[in-house]
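What follows is a short report on a single structure.
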Amino acid sequence: MTPATSNVFHEVPIDLGDRSYPIRIGTGLIGTASTWAGVPSSAHALIVTNTTVAPLYAQALSRAIAGKHQTIDVLQLPDGEAHKNWQTLNLIFDELLQTASDRKTVLYALGGGVVGDMTGFAAACYMRGVPFVQVATTLLAQVDSSVGGKTAINHTLGKNMIGAFYQPRLVVCDLDTLATLPAREFSAGLAEIIKYGPIADMAFLDWIEANMQGLMSRDPALLAHAVRRSCEIKAWVVGQDEREAGLRAILNFGHTFGHAIEAGMGYGQWLHGEAVGCGMVMASHLSQQLGLIDSALVDRITRIVQAAGLPITGPALGADRYLELMQVDKKTEAGEIRFVVIDKPGSAVMRPAPDAMVRQVIEQCCVA
Ligand code: NAD
Ligand code: GLY
């Protein structure tokens, strides 16, 4: 079967000077040649994916990009957050070297945030940088991880602690791929969509709240709007602060608690989005304890997270362990943990908080 030659997509630009690129959002994108316009042609391309996503979408992608590259290899990584580590990263380098990949080889990251973060990191490192494209196939990747150039692997001592800022040449969000996503993964993606409301756009939070049932039933028009608006907000933030000197940290709302849950439970036990959902509830309580927001907003965020099918109660790691895990965070400075908190509806800031207050939040929000 030959690929379709043209299609319609909505573009959200990421404005970063000579590192600018578009996010293309629409249906029927992966298997269509025109989706890939602007990606450099090269003798060789490597599609990096995993054992779950490859059987679903790798063949369609290979066919659609066949006009751009003389040879296309497909590398299937083991699936899961537990594999986002050095050993798996090395599989990408092994493949690149074994196929004599050169500086023009294009990497296509076909999958969710795990494949995207690892492929991006490999692209940043191989020969000190080769072009890469994000082909986001989870809701979480389409609304967050594929956009903005954060790439990383986990360390047993801390989540995403080893990585690089390295921008893709293009991000493609084919909404059709969301049809095959398991329910738990779909809810995990909703967490990162909800995040954009309290930190940046309360009108979007109103919209999410009003349309949660339709989103949960994967209504295509609602999903298209949710992905577009999320990408617009992320593009606005990243365009102002690519390397997280300040503003970009707001995208980490819920992540300090969330990363502690992920690392503390063992990577893959709680999905990243589940941990972020629960982490946002905890960070909302902390915002209230700091006197920044009222309990009505905390209750509202909690209800929305719960309606998305996400946990609102943290695991019983114990306050000491939470604090120990949260020390290992990229926002920590001189040993002081800094949290992203809501300072008023639709706005977030980074703040330290007294240990006693954090302990109180943990006791309030976690299984005893
Ligand atoms: P994931 O990549 O593990 O994907 C979730 C699961 O869905 C996997 O089993 C995957 O194989 C499967 N899958 C993917 N697409 C599918 C499809 N269309 N149909 C069926 N199954 C499919 O998880 P995720 O939630 O996409 O990403 C989480 C990761 O993203 C975390 O490691 C997190 O740290 C990272 N992240 C990075 C950023 C960033 O800015 N770089 C932002 C947020 C999250
Ligand atoms: N997901 C957080 C960021 O991109 O900065």
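The values are calculated or read from the model by the stated rules, or taken from the named source; none is laboratory data. Since this is a predicted model, take the numbers as computed values, not measurements. Don't worry about glycine lacking a Cβ; one is built from the backbone with ideal geometry, like all the others, and counts go over all protein chains shown. Side chains included, ligands, DNA and RNA excluded: accessible areas come from the protein's heavy atoms. Shrake-Rupley method; radii C 1.70, N 1.55, O 1.52, S 1.80 Å.
Assorted remarks:
- Of the listed residues 299, 73, 241, the order by accessible area with a 1.4 Å probe, largest first, is 299, 73, 241.
- Length-normalised contact order of the chain in % [C-alpha pairs under 8 Å, at least 6 apart]: 15 percent
- log10 of Debye I(q)/I(0), alpha-carbon scatterers only, for the stretch 121-165 at 0.14, 0.23, 0.27, 0.34 Å⁻¹: -0.38, -0.90, -1.04, -1.13
- Dmax and Rg, reported as Rg then Dmax, of the chain (C-alpha, Å): 19.9, 63
- For the chain, DSSP calls about 40 percent of its internal beta bridges antiparallel.
- Across the accessible surface of the stretch 246-287, with the other protein chains kept in place and a 1.4 Å probe, carbon and sulfur atoms take up 54 percent.
- Kyte-Doolittle mean at least -0.5 and Cα axial length at least 27 Å: DSSP H helices in the chain: 220-240
- Overall, the chain carries a charge dipole of about 520 debye about its Cα centre when +1 sits on the Cβ of Lys and Arg and -1 on the Cβ of Asp and Glu, all other atoms neutral.
- The Rg/Rh ratio of the stretch 52-119, with both radii computed over alpha carbons and Rh defined as the Kirkwood radius, is 0.95.
- Qualifying lysines (Cα of each under 28 Å from Cα of residue 331; at least 8 residues distant if same chain): 84, 150, 159, 195, 234, 344
- For the chain, the 222 nm mean residue ellipticity estimated from helices alone, with every DSSP H stretch of n ≥ 4 adding -39500 (n - 2.57) and the total spread over all residues, rounds to -12500 deg cm²/dmol.
- Here the stretch 198-244 is treated as an ellipsoid with the same Cα gyration tensor; its semi-axes, largest first and in whole Å, are 24, 12, 7.
- Within a straight-line Cα-Cα reach of under 13 Å, residue 330 can be paired with the following aspartates and glutamates, leaving aside sequence neighbours fewer than 8 residues apart in one chain: 244.
- Percent accessible area from carbon and sulfur atoms, the stretch 1-118, protein chains only, probe 1.4 Å: 54 percent
- Ranked from largest to smallest solvent-accessible area, with a 1.4 Å probe on the protein heavy atoms, 196, 267 come out as 267, 196.
- Residue 119 - accessible surface, heavy atoms, 1.4 Å probe, Å² rounded to 10: 0 Å²
- The residues of the chain have, on average, 39 Å² of accessible surface per residue, using a 1.4 Å probe with all protein chains present.
- Efficiency of FRET from Cβ geometry, residue 236 and residue 59, R₀ 45 Å, rounded to 0.05: 0.80
- Extent along principal axes [Cα atoms of the stretch 149-254; Å; largest to smallest]: 37, 29, 29
- Bins of 10 Å from zero: percent of alpha-carbon pairs in the stretch 229-368: 13, 44, 37, 7, 0
- Volume per residue that the Cα convex hull of the stretch 217-268 spans, once the total is divided by residue count, Å³: 114 Å³
- Placing +1 on the Cβ of every Lys and Arg and -1 on the Cβ of every Asp and Glu, with nothing else charged, gives the stretch 227-368 a dipole about its Cα centre of roughly 400 debye.
- Heavy-atom SASA rank of 101, 20 (probe 1.4 Å, accessible area, largest first): 20, 101
- Here's the picture: a label point sits 7 Å out from the Cα of residue 97 along the beta-carbon direction, and within the stretch 105-138 the residues with their amide nitrogen under 16 Å of it are 122-123, 125-129.
- For the stretch 36-135, the set of trypsin sites (Lys or Arg not before Pro) satisfying both a DSSP loop assignment and a count of at most 14 other C-beta atoms within 10 Å is given as 103.
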